[in-house]
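One structure below.
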Amino acid sequence: MPILVYAESDQGIYKKSTQELISFGRAMADQMNTEVIAAVTQDASGAELGQYGAHKVLQLEHQALSDFKAENVAEALSQAARAVQASVIIVSSSANSKYMAPLLAVDLEAGYVPNIVGLPTSYTPLTVPHNVFTNKASAHTALNSDISVLGLSKNAYGVHHYETSAEITTHNPELSASTVEVTSTDKASNKVMIADAEVVVSAGRGLKGPENWGMIEELAEVMGAATACSKPVSDLGWRPHSEHVGQTGKPVAANLYIAIGISGAIQHLAGINSSKVKVVINTDPEAPFFKAADYGIVGDAFEVVPDLIQKLKEFQAQNA
Amino acid sequence: MKILVCISHVPDTTSKINFNADQTEFDTSGVQYVINPNDEFGLTRALWFKEKQGATVHVANVGGSETEPTLRKALAIGADEAIRVDQTATDGYTVAQALAPIVKEGQYDLVIAGRESIDYNGGMVPGMLAKLCGFSFVNTCIGLEIDGNTATAVREIDGGKETLKTELPLIIGGQKGLVEESDLRIPNMRGIMQARTKPLHVKTEQSAAAKSQTLRYEKPAPKQAVTLVDNAEQLINLLHNEAKVI
Ligand SMILES: Cc1cc2nc3c(=O)[nH]c(=O)nc-3n(C[C@H](O)[C@H](O)[C@H](O)COP(=O)(O)OP(=O)(O)OC[C@H]3O[C@@H](n4cnc5c(N)ncnc54)[C@H](O)[C@@H]3O)c2cc1C
């Protein structure tokens, strides 16, 4: 019984998280002696998905799928899963996938485990490692349903390359009218999103006021990074809520997380500690962040950050 | 309007997370419990509807009697009645199954749950409940207005937000943004006194079979000590040559 992967695209582009999802599905399929099928809903050709491990691409065609509506995507995937008799459906940790997955799970009477951080540790019964207590611990959970929906954490597996050329077939689901209608979308087009970012530059109350964020934005720009902040910074209105990271904000699973003027409270660390490499810049050598970080500079952000920007530019010029 | 707020009873955010000797269960000793932060934003929004537009607000939890202080706290800050479904919350699916009859029998117009609870991070109860009850569903909801039967909801998406229109009955998975941090309420003496006499119904529902079972827990491996550097140049060098992230 094959594995179905929900291959999200954004304006025709398959992001790294989707590529990773397919490679993860492929590794599972190899263990289970089955195929991985990438289900695509938008007009992006799925042909390239073979190189990440997909054996087949299933183009789900319906007018209602031209933009994301959770109910319709769940219905379409559920019908596709039944059509190909999939036993596992893999989804990402994007806001859209987390919205849709519980609907899909009920439709398929499937068990659902999100925040998965590695390949199954057993296939009978299917047992997966996943983060709990907002990354303060992990759990090994066994699924006992015929069909399973697995949600993979970002950056938990990596993209692997294959020389598979995926054959494309189409499936025409029958969809009901969505009960929820999108009336407007407000999305920054030229900003790196925390959800996709390889590097996140984050700053806290140590920056003293919103007027000092110019250097944080500049550092982020030089590094191609997303900007983030601690909770009090967003509560004070210095930065938008969408930048609040931590246990009660967004999770961060970047390759590199740079914390500037952030003390490292337990709630902050919980949300960001899935990041691979953590750097702290803080005047106080006793700040708890130093216990969680890989690299640290004890120093004043107002001196260190401008210097870091300058030296990064020189480094980039040399390595260009 | 009848509103139900689903309340998860979770360890306080400062809790140290430990497990019993064979790593199969969360060790609750010394742990303080609170209303799940995402649910607290939702509850506060529900109380806003009650005060500004007229609504009754019920709160519900699936759990043992140890969760009652958390429900009493919700009553103390303004909810009218509480319901506890007397069942051990195993996985998100069983919790949604236990809440579904409460939602249907109570004829609620609006059900507010949290986007996820901060203990097991399942993020599935609101969506599953919506599907089981046939309600409309909006997740990661950061703004909600109700006008008659029509709801306008703002949903956080990756990199922005979108505005949605839908009809009641509706379930949302809520979070900060529904109200601000400064809108959250602390129970006062009068509220605490009143909460003692407000109804707290204990119900038993047939429990559905769980679809998943956690076999064991693990704590992260201890971290290596931080490498302190003196300046930006050294940092760039290490990030490039050692960590290989730039
Ligand atoms: C229920 C609950 C949930 C929470 N959830 C979250 C969450 O999701 N995310 C989150 O971030 N927090 C959360 N918190 C808040 C958390 O407890 C901390 O209060 C918060 O993270 C502190 O933010 P901060 O580090 O920016 O500020 P502070 O703790 O004030 O730290 C500022 C730091 O800046 C340093 N500093 C000062 N000046 C300079 C300078 N010139 N250069 C360099 N460094 C300097 C100081 O040494 C200090 O370490 C939560 C709290 C509660 C109660």
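Specify the residue that is nearest to the other protein chains (Cβ to nearest Cβ); the eligible residues are those in segment A:87-114 that are of a type outside the set (Val, Ile, Thr) and assigned to a strand (DSSP E or B).
Among them, the one singled out is A:GLY111.
Kindly indicate whether any position in segment A:65-86 is assigned to a strand (DSSP E or B), surrounded by 19 or more Cβ atoms within 10 Å (Cβ to Cβ) and not aromatic (Phe, Trp, Tyr).
Among the residues of segment A:65-86, not one is assigned to a strand (DSSP E or B), surrounded by 19 or more Cβ atoms within 10 Å (Cβ to Cβ) and not aromatic (Phe, Trp, Tyr), which makes the answer no.
If A:ALA195 meets every condition in (1) more than 17 Å from the chain's Cα centre (by Cα); (2) open to solvent by 10 Å² or more (accessible area, probe 1.4 Å); (3) under 27 Å from A:LEU65 (Cβ atoms); (4) within 12 Å of another protein chain (Cβ to nearest Cβ) apart from one, which number is that one?
Answer for A:ALA195: the failing condition is (1).
Only residues in segment A:203-218 that are within 14 Å of chain B (Cβ to nearest Cβ) count as the first member; pair them with residues that are β-branched (Val, Ile, Thr) and away from the ligand (no atom under 11 Å from the Cβ), Cβ under 7 angstrom, at least 6 apart or cross-chain, and list the lot.
Pairs that qualify, where the first residue is within 14 Å of chain B (Cβ to nearest Cβ) and the partner is β-branched (Val, Ile, Thr) and away from the ligand (no atom under 11 Å from the Cβ), are A:MET215/A:ILE309; A:GLU218/A:ILE309.
Please go through (1) surrounded by fewer than 24 Cβ atoms within 10 Å (Cβ to Cβ); (2) modelled with pLDDT of 95 or more for B:ARG115 and return the number of the only condition it doesn't satisfy.
(1)
Of these, A:LEU119, A:LEU108, A:LEU126, which one is among the aliphatic types (A, V, I, L, M) and either crowded, with 23+ Cβ neighbours inside 10 Å or under 25 Å from A:PRO173 (Cβ atoms) (or both)?
Checking each option against the conditions leaves just A:LEU108.
Could you count how many residues in segment A:172-187 are within 11 Å of another protein chain (Cβ to nearest Cβ), of a type in the set (Gly, Ala, Ser) and not in a strand (DSSP E or B)?
Adding up the residues that qualify gives 1.
Pairs only if they're at least six apart or on different chains, beta carbon under 9 angstrom, first in segment A:267-294 and within 8 Å of chain B (Cβ to nearest Cβ) and closer than 19 Å to A:PHE133 by Cα, second among the acidic types (Asp, Glu) and more than 8 Å from the ligand (Cβ to nearest atom); list them, first residue then second.
Sorted first by the residue in segment A:267-294, then by its partner, the pairs are A:LYS276/A:ASP294.
Just give me the residues in segment B:181-193 being modelled with pLDDT of 95 or more and open to solvent by less than 80 Å² (accessible area, probe 1.4 Å), in sequence order.
B:ASP183, B:LEU184, B:ARG185, B:PRO187, B:GLY191, B:ILE192
I need the full set of residues from segment A:119-171 which are within 18 Å of the chain's Cα centre (by Cα), polar (S, T, N, Q) and either more than 9 Å from every other protein chain (Cβ to nearest Cβ) or part of a loop (DSSP other than H, G, I, E, B) (or both), in order please.
A:THR134, A:ASN135, A:SER153, A:ASN155, listed by residue number.
The values are calculated or read from the model by the stated rules, or taken from the named source; none is laboratory data. Predicted model only: the values in this text are computed from it and were never measured. Because the Cβ atoms are built from the backbone with ideal geometry, glycine has one as well, and the counts that use them run over all protein chains shown. Please note that ligands, DNA and RNA were not included when accessible areas were found on the heavy atoms of the full protein model with its side chains. Shrake-Rupley method; radii C 1.70, N 1.55, O 1.52, S 1.80 Å.
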